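One structure below.
The values are calculated or read from the model by the stated rules, or taken from the named source; none is laboratory data. In this text the structure is predicted, and so the values were computed from the model without any measurement. Note that we place each Cβ from the backbone using ideal geometry, even for glycine, and neighbour counts take in every protein chain shown.
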Amino acid sequence: MRELVTIFISAVLVNNFVLYYFLGICPFLGVSSRLDSALGIGMATTFVMTMTALVTWPLNYYVLSADTGMGLPFLEYVIFIIVIASLVQFVEMFLRRFFHNLYRALGIYLPLITTNCAILGMALFMVLREYGYIETVVFGFSAGAGFTMVIVIMAGIREDIKYAPVPEIFKGAPITLITAGLLALAFMGFSGIIAP
Amino acid sequence: MLKEFFKGIWKENPVLRQLLGMCPTLAVTTSSVNGIAMGLATTFVVVSSGIIVSLFRNVIPSQVRIPVFTVIIATFVTLVDLILKAYFPDISRALGPYVPLIVVNCIILGRQEAFTSKNPVLLSVCDTLGMGLGFTLLLVVLGSIREILGSGSVFGMHIMPAFFRPLVIMVLPAGAFITLGLIAAMYNLVNQKADRT
């Protein structure tokens, strides 16, 4: 239990995917100009990430791994990206069929998630750190939760920046990047929470 | 053809203009060597997958093109990863999980979608090579700035005077965001000046 809580706090606050590992920067900069769409993409990402964790772990353990599976580690990237792409497609169809309201809220963000590097990054970290099944699922969920939190904070700040007198050359990408930098600086304050 | 090549380097620079490929740009540029390695690896992948996509552009059905492109890209990334592991183990260790993450670098998929799937092989090579080198150039500049200020050296050589105290913040994530933000502002400034004259 202790380890699971550590994984959660580490993925959400200390080693946040966006601000520490730079994963998922594209949606973080691209879809963070409005609060409601930021929340939408955050929830969709968390959902797909948890699903990816559920599926890729057994696949890696029983098929790809050199020690416990059939010894095909060089197929890792190809297989993972296919799993993620088909999972996104499947989630989209499933939501459209059975949860129409949820589909209308998240639908347009789903196709974008395939190229969100945070998802593939999560699967790669899972292999690298040799997590167990439950640890992986908790890790996937918390990485998604951390992503959601940061993108929502960012969207809140950017909604305010719209009314601020930003110098002409800093408009658009530069001011967004510098805001992200200050946010990363603030999150460094969490680094003492977990003893190394 | 030269136009297709040079547009990637400045006018349509993938990072500064199109805001693509941000994750590796920010993550690996703690030193200039890492920047150049990541840039060249990405260039190799984008050029070779561009050639394949361009060759088969009339055969790939448009409904399944994205998965097909992705699998082609993932194959070349696996190749690069194995080569780095075999011949350059130090670089492979320094770049870590960011080598496999080249698969989801949006620059690569973006070029297949926007250019190589609609153009003949030679033009595709010019376009992807330009984009790849434009990306590499930015990574080297960003990596050098962060290495000079963050550890007082460039390409591993110590260049700053003895009284210089390294700014640790520059090698941390916050420094990456802020430096890239300032570079993007400079880029806007130069383009604005050029537009006026």
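Couple of notes before you dig in:
- Residue that is surrounded by fewer than 21 Cβ atoms within 10 Å (Cβ to Cβ) and at pLDDT 85 or above, where the choices are A:Pro111, A:Pro167, A:Pro196, A:Pro174: A:Pro167
- For the stretch A:137-148, the condition holds for no residue, the condition being that it is assigned to a loop (DSSP other than H, G, I, E, B), of a type in the set (Ser, Thr, Tyr) and more than 14 Å from chain B (Cβ to nearest Cβ).
- Residue in the stretch A:1-51 that is farthest from A:Gly181 (Cα to Cα), counting only those that are surrounded by 19 or more Cβ atoms within 10 Å (Cβ to Cβ) and small (Gly, Ala, Ser): A:Ala44
- Of the residues making up the stretch B:28-82, those that are in contact with a helix residue (DSSP H, G or I) (Cβ under 9 Å, 6 or more places away or on another chain) and outside any helix (DSSP H, G or I) are B:Thr29, B:Thr30, B:Ser31, B:Phe56, B:Arg57, B:Ile60, B:Pro61.
- Residue match in the stretch A:31-51 (condition: free of Cβ contacts under 8 Å to residues at least 24 places away in the same chain and of a type in the set (Gly, Ala, Ser)): no
- Subset of the stretch A:59-95 that is among the β-branched types (Val, Ile, Thr) and within 13 Å of chain B (Cβ to nearest Cβ) - its residue that is surrounded by the fewest Cβ atoms within 10 Å (Cβ to Cβ): A:Ile82
- Flag for A:Leu54 being surrounded by fewer than 21 Cβ atoms within 10 Å (Cβ to Cβ) and away from chain B (no Cβ under 12 Å): yes
- Yes/no for A:Ala164 being part of a loop (DSSP other than H, G, I, E, B), among the hydrophobic types (A, V, I, L, M, F, W, C) and over 18 Å from the mean Cα position of the chain (by Cα): yes
- Of everything in the stretch B:148-177 that is under 23 Å from A:Ser191 (Cα atoms) and in contact (Cβ under 8 Å) with a residue 40 or more places away in the chain, the residue that is surrounded by the most Cβ atoms within 10 Å (Cβ to Cβ) is B:Ala176.
- Identity of the residue in the stretch B:183-193, buried (at least 17 other Cβ atoms within 10 Å of the Cβ) and more than 18 Å from the chain's Cα centre (by Cα), that ends up farthest from B:Gly35 (Cα to Cα): B:Asn188
- Hey, B:Thr197 under 19 Å from the mean Cα position of the chain (by Cα) and closer than 30 Å to B:Lys3 by Cβ or not: no
- Scoring A:Phe98 on the criteria (1) more than 13 Å from the chain's Cα centre (by Cα); (2) within 14 Å of another protein chain (Cβ to nearest Cβ) leaves a single failure, condition (2).
- Flag if B:Gly143 is closer than 21 Å to A:Ile25 by Cβ and either outside any loop (DSSP other than H, G, I, E, B) or of a type outside the set (A, V, I, L, M) (or both): yes
- Residue in the stretch A:106-126 that is more than 16 Å from the chain's Cα centre (by Cα) and more than 14 Å from every other protein chain (Cβ to nearest Cβ) present: yes
- Residue match in the stretch B:69-84 (condition: surrounded by fewer than 20 Cβ atoms within 10 Å (Cβ to Cβ) and among the charged types (D, E, K, R)): no
Quick grid of which residues meet (1) among the β-branched types (Val, Ile, Thr); (2) away from every other protein chain (no Cβ under 14 Å); (3) under 25 Å from A:Leu102 (Cα atoms); (4) assigned to a loop (DSSP other than H, G, I, E, B):
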{"site": "A:Phe8", "(1), (2), (3), (4)": "no, yes, no, no"}
{"site": "A:Phe22", "(1), (2), (3), (4)": "no, no, no, yes"}
{"site": "A:Ser37", "(1), (2), (3), (4)": "no, yes, yes, no"}
{"site": "A:Met49", "(1), (2), (3), (4)": "no, no, yes, no"}
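- Near pairs, Cβ below 8 angstrom, 6+ apart or cross-chain, from the stretch B:52-77 (in contact (Cβ under 8 Å) with a residue 60 or more places away in the chain) to any residue that is surrounded by fewer than 16 Cβ atoms within 10 Å (Cβ to Cβ) and part of a helix (DSSP H, G or I): B:Ser54/B:Val121; B:Leu55/B:Val121
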